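Reading through the C-alpha cells given below for one structure.
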Amino acid sequence: MTYLEQYHELIKNGEVIVGYWIRKAVENLIEDLNNPAYIYNTINAHKRIKFMESCCLQSKQPYYMKPIALMPWQKAWWEALYSFEMADTGLRRFTEGLLEIARKNGKSTMLAADGNYDLFVGEGGTDICCASNDDRQARLIWNEIAGMRSRLDPRKVLTGQNLTEIKNRQKNITVSRLSSKTQNKDGFNISKTYLDESHDIDEENGQSEIAEACWRGMSSKDEPLFLNSTTQGFNRDCYLDKKISYC
C-alpha cells in the first residue's frame, strides 16, 4: 500500500486517533485515488521521504545529529502533497497546503527537510522563500535548512550561505527569507513558500501582505507550492481563521 493508504488503515483500525476533519480529509484523498481526473505518481514523494530519512540530520537535543524518522501521518502528508497529478496536464494537483501542529512537535524540522531536498536535489534555478510575520520567526525554518545543509555539505563543495541566503551554486538554487520588516516585498520570483506561524498574521493590520507578496512572486510558475504552517495561537478572525474555514 501507499503511505496514504497505510495511514488510512491505521485510522480505520483505531491505531491512530484523529479528529473529524482529518479523518474526512484522508477519506476524500483515498476516494480520489480512483478518480480518473487524477494520477497518483509517488516517485517524487518517495525520493523526498528517502532523502529526509537518510540525509537530513537534526539540530536539537536529544536528537542532535540523528536522522529524521517520519511518522505515518508525515509520510502520508508528503506523499499526498507531491503525488497527485492532474490527468489532463500532468501538473501537480495541489498548490497549497495547511499544516496545523502543536508546539514542539517538529514542524520546522519537517518543513526544513523538504527544503533541504529542494536545495540539493531540486530543479536548477529554483528560489524558495521562508516567510513569517517577523524576521525571528522567518529564521526558524531558514536556520533549520542552513543547519541541515552544513551537516550534509560541511566543506561547502556544492552549497554555501551568507546572512540572507542559502545557495546551491552549481544549480543556482536559493533559499531566502521574507517578513513584515522586509522593506521591498515585490520582485521575488519564487517556486515555493514556507509560511511559518501564520496565526500571527493579523489581516486587519495589513500584514497579510506577506502571504500576498509570496503568491505574487509565484504567479508565473506552473506548479507553485505554498505551505502554510501554524501552531494556531490565540488570535481570532485573522488570516489563519479564514484559511481554516476555507479548508
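The values are calculated or read from the model by the stated rules, or taken from the named source; none is laboratory data. Since the model is a prediction, treat every value here as computed from it, not as a measurement. Here the Cβ positions follow ideal geometry from the backbone for every residue, glycine too, while neighbour counts run over all protein chains shown. Ligands, DNA and RNA are stripped out before the accessible areas are found, and what is left, the full protein with its side chains, is counted by its heavy atoms. Shrake-Rupley method; radii C 1.70, N 1.55, O 1.52, S 1.80 Å.
Summary table below
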quantity: Index of the failed condition, K60 passing every other in (1) assigned to a loop (DSSP other than H, G, I, E, B); (2) under 21 Å from I173 (Cβ atoms); (3) among the basic types (K, R); calculated: (2)
quantity: Residue satisfying condition, being exposed (fewer than 14 other Cβ atoms within 10 Å of the Cβ) and either over 22 Å from Y246 (Cα atoms) or in contact (Cβ under 8 Å) with a residue 24 or more places away in the chain (or both), within set N34, N44; calculated: N34
quantity: Sole exception among (1) open to solvent by less than 40 Å² (accessible area, probe 1.4 Å); (2) out of contact with any His (no Cβ under 6 Å at 6 or more places or on another chain); (3) at pLDDT 95 or above for K12, by number; calculated: (1)
quantity: Entirely in the stretch 138-182, the strands (runs of 3 or more DSSP E) that have 3 or more residues that are in contact with a Lys or Arg (Cβ under 7 Å, 6 or more places away or on another chain) and surrounded by fewer than 17 Cβ atoms within 10 Å (Cβ to Cβ); calculated: none
quantity: Residues (aliphatic (A, V, I, L, M), modelled with pLDDT of 95 or more and either over 18 Å from T174 (Cα atoms) or more than 11 Å from the chain's Cα centre (by Cα) (or both)) located in the stretch 122-145; calculated: I145
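Conditions (1) open to solvent by less than 60 Å² (accessible area, probe 1.4 Å); (2) under 18 Å from D222 (Cα atoms), marked per residue:
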site: Q61; (1), (2): no, no
site: L111; (1), (2): yes, no
site: D114; (1), (2): yes, no
site: C129; (1), (2): yes, yes
